[in-house]
Amino acid sequence: MSVDFLHPGEDAAIDTIVPALEMRGIGKRFPGVVALDNVDLTLEPGKIHALMGENGAGKSTLIKIMAGVYGKDAGTIRMRGREVDVKSPRDSLKEGIKVVFQEIALISEFTVAENIFLEGYPTGRTGSIDWKKIRADSAALFNRIGFNVDPTARTGSLPVSQQQMVEIARALAHEARVVVMDEPTSSLTPNEVSLLFAVIRRLAALGIAVVYVSHKLDEVFEIADTVTVLRDGRHISTKLIGEHTNDTLIQDMIGRRIDNLFPRQRGAAGSKVALSVEKLSTAKKLIDVSFEARAGEVLGFFGLMGAGRTELAKAIVGYDPITSGTITVDGRRLSPHDTSTGVRLGIGLLTEDRKSEGLMGELPVYQNASLASLGAFARLGFVDKAKEHQAVQDYVDRFRIKTPSLFQQIKNLSGGNQQKVLISRWLMRGLKVIVVDEPTRGIDVGAKSEIFALIDRLAGEGLAVVMMTSEMPELLGLADRIAVMCEGRLTAVMPRNEATQEKILNAAIG
Amino acid sequence: MSELTHASAQKRLIGGQLLGSSQLVLGAILAVLCIAISIAAPQFYSEANIIAILRQCALVLIVASGMTMLIITAEVDLSVGASLAFVGCIGMAVLNSTHSLALGMLAALAFAGGVGLFNGLVVTRLRVNSLIATIGTMMMLQGGVYLFTREAVQNHNQLTSFTDLGAGYVGAVPVPVIIAALIFVVAYVTLRFTTLGRYLYAVGANERAVRLSGLRSERLKLLAFVGTGLCVGVAGMILSSLMNAGQPTAGRGFELTVIAAVILGGTSLLGGRGSLFGTLLGVLVLKVIDNGIIILGWNQDLQMVVPGIVIILATYLDIIRNNANVR
């Protein structure tokens, strides 16, 4: 493979006229559903084009067609004016389209340099692989995107953010004209995000057309030049970012207006202490964390990546071991320190990682909902299914959980509906304290406000809600009091009305 | 995308509410086998032969009932074959020295249950993968049984009640078949209708979610291991009754037959999915093949070869069926 990427844009004059990639009338059906219907997308070289939409809108189908993972059923794809037929990921790469998926597709046992030249190692005269050239070329590539990764490092040992850079370097090695970033920031720290944005801007400056797939509004406003919104497999709008406001963008995405993302129905919090945590420490993270949560309040915990929010959440419900400190739920001490004691006392965790810690994906909705309260529906160890189904059906109705039936496997529900089932799991059991960790992770904008309303309702019904979040609007919109963590310590607790973004961030930095 | 999955799930519900559709495939295989063998060899359909098949199914079904529960929790026990042989020797030895079937039975159950407990503790406490842990136990038992006895433990007192355990009849039905049916029904009811059964599926589907819900997932797994062990205890005594001796060499490869039947029945090694009814069909298919090979006078070595082919084929059909549902 020639490494001619050091001299880009020789035909830049043509590039600015002819789109880097033009998709016209793209259609894709899966039996029973139209995933994409007559979708257009035009990418200009040197521009960052955001692709937005809720889950199921067709974003991923569209980029998978670009990547050659799926074939299209209708429409045409042109690269710089020439119609191309992308039948496989290899074709797509050859045409100069590089998609960086969320699940990074690198071989973790190989070095960075080996990964970059995976599709074609430069060889010496004898046919042996020219390692020296590989390393030198990788270093040159990183230099071009202004990011430094050791080309000889084992890829698996790098954080996700740097593996993304390796993927981007691979794109350059293939002389990609189009680079697609699929939800690239979902597991990055704020610092890493700004580094990534710098690199993306450099790609654009090199004349590469960048597609930025995301549902995070603030990011899109920060980085995109143009926004295309898809909804239900159809093209809704393509506008310059300057023509959008937060509201118009949300409206395009969900097809209706959301007047108030944080509807507050509940009254003021009570004074009764439902949860009291004293000098809690764990082996790996937490240091002397002490706080109280009252019945009827939402206590929001903020912190940057690695501050220890999830660790705290798992420790106070008895899931992860602690080294010292006490946890008291409704006046009774959580001892022995395990979840069965915790649940008995009335504290439970709504996990941030639904898939691996919350859902029983293969099992039906009703079994997922009743898991924690099954004993209440049993006599002599036998489950009274009629009673159980009725109780679950009540929650499905009350929370408007969208599912074709109680027998549907829960993995087929949308994120928002899955979350509602998991909240039902706890409500059916009856808790005093619910710890919610990133309650809207992976949930569509439209469903988010419903989850917020549910959390509001939980507090309104007298539960103490301890909410871990990294989303500032969520924190400010929902919490009565705000606690901030930094590197395993609690650095500030303040009432909502005294909190400002600045105060919170200062405490989060430590 | 969501509409897509909804549609397919509804289809699946219509087809599979009563019978999981992997059972449909298996039922069809069983029917085809029976018909084909009957055409080639009409004596297949004689009462004597059917009873013989059922008797051969009994031992496997007893242990497979426990194993189904265990595999549903996403664990597996490879030591059941080795344990089966050891249990027979111990039961027979205790029977010889005490002249009491009850004590012999008790010793067999205690030993086999103990093996299950040991496996369970190694897996849940030491967190050793169950495949590895139970291979270790299997080797220990295979060697250990020779430390216990170098040759078969002969039956010295010929208690009729003991002989009946393996060779007796109630009406036309062999006693082992009745015992197997009882154990099967207990296991079936447990899995289908009790909270314990639901928790076993839940542990297999997502152990962490179960733990976060305040349930003791490790105890549930331990219980499944011990349950499997107790089934081996019963099967071991029946086997030694049938052979009129405790044979240290018995039970080689038995664990594979059992696991094959369970997997053939559609129980997922990943846990959370499976049914005892499927296991029953799986056992029947394997034993009908065995029987057919004998009746047709084929080379006996095919008794290993054919089931191997059937397992791969049935699993492949299951994958095709799943894919058809997803599309």
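All of the numbers you see were taken from the coordinates with simple rules; none came from a lab. None of the values given here were measured: they were computed from a predicted structure. Here Cβ is always computed from backbone atoms with ideal geometry, including for glycine, and neighbour counts include all displayed protein chains.
In chain B, Rg over Rh equals 0.99, where Rg is the alpha-carbon radius of gyration and Rh the Kirkwood radius from pairwise Cα distances.
Averaging Cα coordinates gives a centre for region A:252-309 and one for region A:108-174; these two points are 43 Å apart. Between B:Leu223, B:Ala102, B:Asn244, the Cα set farthest toward the positive side of the dipole of the protein assembly as shown (charges on each charged residue's Cβ, about the Cα centre) is that of B:Ala102. Among B:Gly265, B:Gly253, B:Gly236, which one shows the biggest mean-square fluctuation in a GNM of chain B, springs joining Cα atoms closer than 10 Å? With Cα springs under 10 Å in chain B, the top fluctuation among B:Gly265, B:Gly253, B:Gly236 is at B:Gly253.
Reported value for region A:12-254: 133 Å³ per residue, from the convex hull of its C-alpha atoms. Projecting the Cα atoms of A:Leu118, B:Ser65, A:Ala136 onto the charge dipole of the protein assembly as shown (Cβ charges, centred on the Cα centre) puts B:Ser65 farthest toward the positive pole.
Between region A:329-384 and region A:420-493, the alpha-carbon centres lie 18 Å apart. A Cα-only calculation for the protein assembly as shown places Rg and Dmax at 31.6, 102 Å. The angle between the Cα long axis of helix A:131-145 and the main principal axis of chain A comes to about 70°, on a 0 to 90 degree scale.
Taking amide H as placed 1.01 Å from N in the peptide plane, A:Gly75 has its amide H under 5 Å from the amide H of A:Gly27, each at least 5 places away in sequence or on another chain. For chain A, the longest principal axis of the alpha carbon atoms and the long axis of helix A:415-429 meet at an angle near 20°.
Among the helices of chain B, those built from whole DSSP H runs whose Cα atoms reach 20 Å or more along their own axis and whose mean Kyte-Doolittle hydropathy is at least 0.0 are B:21-40, B:47-72, B:80-98, B:101-124, B:130-148, B:175-193, B:217-243, B:276-295, B:302-326.
A cut-off of 5 Å between modelled amide H atoms, ignoring neighbours fewer than 5 places along the same chain, links A:Arg489 with A:Ile287.
Taking every DSSP beta bridge that has both ends in region A:12-254, the antiparallel portion is near 60%. Each of A:Ile26, B:Ile53, A:Ile97, B:Ile312 was scored by other Cβ atoms within 10 Å of its Cβ. Listed from fewest to most, they are B:Ile312, B:Ile53, A:Ile26, A:Ile97.
Beta bridges per DSSP, both residues in chain A: antiparallel share near 55 percent. For region A:232-237, 3J(HN,Hα) computed residue by residue from phi via the Karplus equation (6.51, -1.76, 1.60; θ = phi - 60°) reads 6, x, 10, 7, 9, 7 Hz, glycine and proline entered as x. Could you pull out every residue, at least 5 positions away or on a different chain, whose amide H is within less than 5 Å of the one on B:Arg273? Hs are placed 1.01 Å off N in the peptide plane, and Pro or chain starts have none. So B:Arg273 has HN proximity to B:Ser268. Secondary-structure-derived ellipticity at 222 nm for the protein assembly as shown, considering helices only, amounts to -16000 deg cm²/dmol, per-run term -39500 (n - 2.57) for DSSP H runs with n ≥ 4. The long axis of helix A:385-398 is offset from the longest Cα principal axis of chain A by roughly 70 degrees. Remark: region A:436-445, residue by residue, has Karplus-estimated 3J(HN,Hα) of 10, 10, 6, x, 10, 4, x, 10, 4, 3 Hz, where x stands for each Gly or Pro and the curve is 6.51 cos²θ - 1.76 cosθ + 1.60 at θ = phi - 60°. Computed over region A:187-297, relative contact order equals 14 percent, with contacts defined as Cα pairs under 8 Å that lie 6+ residues apart. Take every Cα pair under 8 Å whose residues are at least 6 apart in sequence, average their separation, divide by the length of region A:358-430, and the relative contact order is 48 percent. Of the residues B:Ala187, B:Thr315, B:Ser268, the one whose Cα sits farthest toward the positive end of the charge dipole of chain B, with +1 on the Cβ of Lys and Arg and -1 on the Cβ of Asp and Glu, is B:Ser268. Roughly what % of DSSP beta bridges within region A:403-502 run antiparallel, to the nearest 5? Rounded to the nearest five, the antiparallel share is 55 percent.
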